[in-house]
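Below is one structure; the comments refer to it alone.
Nothing in this text is a laboratory measurement; each read-out follows from the coordinates by a stated rule. It should be emphasised that the depicted structure is a prediction, and the values quoted were computed from it without experimental measurement. Cβ atoms come from the backbone with ideal geometry, glycine included; neighbour counts cover every protein chain shown.
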Amino acid sequence: MSCIVTVDLAFDVTTGKTTFKETTTAKHEALSEILEAFLSGVIGAGVDNSAPNSRDVYNIRLDLDLDGDVFHVTSDCGNLGLRDGILLAVLRDLP
């Protein structure tokens, strides 16, 4: 049986505000550690030439399977660079 920790967020690009959704199961104190771990794992993954989606609010969900320290990610960004840039901005704004 695996243990899944979820970070589910909406990022408003017009205001720069992040809202963590009710489906987030990660403790607030652990958010920066989870985001850092994910971002360090995707650094150097290469260029994503996909066109980014144009939205005011982007939704990103990270599911971390603690049994194998494996991330499963979904987003409506359309581009991995945009997704990771948003997550970096969220990380920067966390206490």
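Values as computed for the structure displayed
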item: Distance in nm between pseudo-label sites at HIS28 and LEU88 (7 Å out along the Cβ direction from Cα); result: 2.7 nm
item: Computed FRET value (nearest 0.05) for THR6 with VAL57, which takes r as the C-beta separation and R₀ as 25 Å; result: 0.85
item: Under-5 Å amide H pairs with ALA26, H placed in peptide plane, nonlocal only; result: THR6
item: Value of relative contact order over segment 4-93, rounded to a whole percent, pairs C-alpha under 8 Å and six or more apart; result: 33 percent
item: For segment 25-65, with +1 on Lys and Arg beta carbons and -1 on Asp and Glu, the positive-most of ASN53, ALA37, ALA26 along the dipole; result: ASN53
item: Cα convex hull of the chain - mean projected area over all directions, nm²; result: 6.3 nm²
